[in-house]
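Engineer: Questions regarding the structure given below will be posed in turn.
Derivation of every value follows stated rules applied to the coordinates shown; laboratory data play no part. Just so we're clear, the structure is a prediction, and the values are computed from it rather than from any experiment. Glycine also receives a Cβ, built like all others from the backbone with ideal geometry; neighbour counts cover every protein chain displayed.
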Amino acid sequence: MTELIGEEQLYYRKGFGLKQEVAGDLAHAYHSDLVERIVAAGHRLDVEGMTIRLAQEFGNCYGVDRAVQYAYETRQRFPDRRLFLTGELIHNPHVNKEMLANGIGFLTGSYAEDVSYEDLTEEDVVLLPAFGAPTDVMRKLRDIGCVLVDTTCGSVLLVWKTVERFAQDGYTAIIHGKYYHEETQATASRALEYADGAYLVVRDLEEAGLVTDFVRHGGDATALRERFVNATSPGFDFEVDLERVGIANQTTMLMRETEAVAEMFRSAMIDSYGEADLDDHYRALDTICSATQERQDAVEELLLTPPQLMIVLGGYNSSNTNNLTEICQAVVPTYHIDDSSCIEGPNSIRHKPVDQDEETRTEEWLPPGPIEIGMTAGASTPNNKVGETIERLLACRGQTMPVS
Ligand code: SF4
């Protein structure tokens, strides 16, 4: 969509055709020769005493590559304008710091400084992140009249369409996701674009169980209202809004968990309304993105021949990275790190356990003797960070990357 006011185009979502112009900066900030060599060698590196196996799919996805490229193109296209992100471009600390280094400010979140939405003018340029932005934020920015560069991933847009269709047809969107995640907030807001639109976000099987028990047996909804106060649309009525539901999800959830959530709702609807009328009460569309799925499949394949331990690299607030960690730790000791510097040496590593919010430190994490380490990286992790991590692992055994 293009909006023209006077001579100025105010909305861009296909970049600026400056791919070649920014290629050098992108390579400088994110490329890794070392990773390319390991990939070319079959995703495997053998040095004395250490084997590293990289998952077949890892690191930056197409949506992240596109968002980062558009951010650099935007900087080139508007060198003299103030440029802001509504929040983190993607959940990766290195990439967000690179944004700051390129003079791109943040309007919200931990990287924000002293400029907020109220300070924006029509002279400013605002980037919308790969997760998208809620409809109220979009309206606010359009009212200001600043230039918008929308990097929302196409896979996220597909989820929005699904949720909008549910709302249009009178189905409450049940979103399997984290209610506080930017993508889920943006997705949920789409349900409210229609008169009777409603949504409920369920985090996991336990929450899905609470809701489906209510679908089957009814009862007092007070406890549910309290539990889901931040995860439901305004005025959500558990007695009425659960009669017709459509299942969607945050694109980066665990596929098998989304399938289980969908099945719980499907069977609750059959129990309540009968199989013959299921279509009037239940819909489901698979909205896991292919990049997330491929990374989950690849790490499961790697674990078929389990290494002694796994390193999972990616932002601590990255949903898909946390899910990769969950898959790995069910099989072998797993360390989710957000930067190579977390590997402090063979005797100490900082990492975030999947069930905790804070980083912790583990001593004696690297067993002595020959070792095989598996590695993957979340969909918002650039290759240079993967390469740095591999170098750190090698250094733990006094090794460096062999000359090819
Ligand atoms: S993880 Fe999927 S939805 Fe998110 S940016 Fe990447 S490709 Fe798009």
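Engineer: If you build the convex hull over the alpha carbons only and average its shadow over all orientations, what do you get for segment 62-153? Give it in nm² to one decimal.
Structural biologist: 5.3 nm²
Engineer: If you place +1 on the Cβ of every Lys and Arg, -1 on the Cβ of every Asp and Glu, and leave all else neutral, what size is the dipole of segment 62-153 about its Cα centre, to the nearest 20 Debye?
Structural biologist: 260 debye
Engineer: Exactly which GluC sites (Glu not before Pro) in segment 125-216 are in a DSSP loop and have at most 13 other Cβ atoms within 10 Å?
Structural biologist: GLU193
Engineer: OK, next. Using a Cα-Cα cut-off of under 23 Å, which lysines could be cross-linked to LYS178, ignoring same-chain neighbours fewer than 8 residues away?
Structural biologist: LYS161, LYS352
Engineer: Considering the options THR151, SER110, THR135, tell which one lies farthest towards the positive end of the dipole of segment 62-153, charges being +1 on Lys and Arg and -1 on Asp and Glu at the Cβ, about the Cα centre.
Structural biologist: Selected residue: THR151.
Engineer: Could you list TRP365, TRP160 in order of exposure, starting from the residue whose Cβ has the fewest other Cβ atoms within 10 Å?
Structural biologist: The fewest-first ordering by Cβ neighbours comes to TRP365, TRP160.
Engineer: Can you work out ³J(HN,Hα) from phi for every residue in segment 330-346, in order, using Karplus 6.51 cos²θ - 1.76 cosθ + 1.60 and θ = phi - 60°, giving whole Hz and x for Gly and Pro?
Structural biologist: Whole-Hz 3J(HN,Hα) from phi for segment 330-346: 6, 10, 9, x, 9, 10, 8, 10, 9, 6, 4, 5, 5, 7, 7, x, x.
Engineer: Work out the length of the dipole vector of segment 155-288 about its Cα centre, built from +1 on the beta-carbon of each Lys and Arg and -1 on the beta-carbon of each Asp and Glu, and round it to the nearest 20 debye.
Structural biologist: Roughly 380 debye for segment 155-288.
Engineer: Between rounded, prolate and oblate, where does the chain land on the alpha carbon gyration tensor, with a ≥ b ≥ c its root eigenvalues, rounded for a/c under 1.5, else prolate if a/b exceeds b/c?
Structural biologist: The shape class here is oblate.
Engineer: At what distance in angstrom do the alpha carbon centres of segment 152-168 and segment 41-79 lie from each other?
Structural biologist: What the calculation gives is 27 Å, centre to centre.
Engineer: Enter the per residue convex hull volume of segment 273-404, computed from alpha-carbon coordinates, in Å³ rounded to the nearest integer.
Structural biologist: So the per-residue hull volume is 153 Å³.
Engineer: Can you tell me which aspartates and glutamates have their Cα less than 15 Å from the Cα of LYS14? Leave out same-chain residues fewer than eight positions away.
Structural biologist: Within the straight-line limit of under 15 Å, LYS14 reaches these aspartates and glutamates: GLU3, ASP65, GLU73, ASP150.
Engineer: Want the number for ALA23 to ALA112: 0.36 nm per residue separation, take away the alpha-carbon distance, what's left?
Structural biologist: Gain on stretching ALA23 to ALA112: 29.3 nm.
Engineer: A further question on this structure: Check which residues have an amide H placed less than 5 Å from ALA377's amide H, if you skip close sequence neighbours.
Structural biologist: GLY59, LEU313
Engineer: What are the residues whose amide H is under 5 Å from the amide H of SER348, where those residues sit 5 or more places off or on another chain and H is modelled from the backbone?
Structural biologist: GLU364, TRP365
Engineer: Once the other residues with Cβ under 10 Å from the Cβ of ILE247 are scored (Lys, Arg +1; Asp, Glu -1), what is the net sum?
Structural biologist: With Lys, Arg at +1 and Asp, Glu at -1, the net is -1.
Engineer: Follow-up. Local charge sum around TYR30 (other residues, Cβ-Cβ under 10 Å, Lys/Arg +1, Asp/Glu -1)?
Structural biologist: Charge balance in the 10 Å sphere: -2.
Engineer: Express as a percent, rounded to the nearest 5, the fraction of DSSP beta bridges in the chain (both residues included) that run antiparallel.
Structural biologist: In the chain, approximately 25 percent of DSSP beta bridges are antiparallel ones.
Engineer: Please report HIS28, HIS176 as a ranked list, fewest other C-beta atoms within 10 angstrom at the top and most at the bottom.
Structural biologist: HIS28, HIS176
Engineer: So what is the calculated 222 nm ellipticity per residue for the chain, using -39500 (n - 2.57) for each DSSP H run with n of 4 or more, over all residues, to the nearest 500 deg cm²/dmol?
Structural biologist: Calculated from helices alone, the mean residue ellipticity at 222 nm is -12000 deg cm²/dmol.
Engineer: Further question on the same structure: Tell me, what is the FRET efficiency for LEU278 and VAL331 to the nearest 0.05, using R0 = 45 angstrom and their Cβ-Cβ distance as r?
Structural biologist: 0.80
Engineer: Positive end of the dipole of segment 166-317, charges at C-beta (+1 Lys, Arg; -1 Asp, Glu), about the Cα centre: which of THR292, PRO307, MET269 has its Cα farthest in that direction?
Structural biologist: Going by the Cα projections, it comes out as PRO307.
Engineer: Sorted from fewest to most neighbouring beta carbons within 10 Å, what does the list ILE373, ILE311, ILE337 look like?
Structural biologist: Ascending Cβ contact count within 10 Å gives the list ILE373, ILE337, ILE311.
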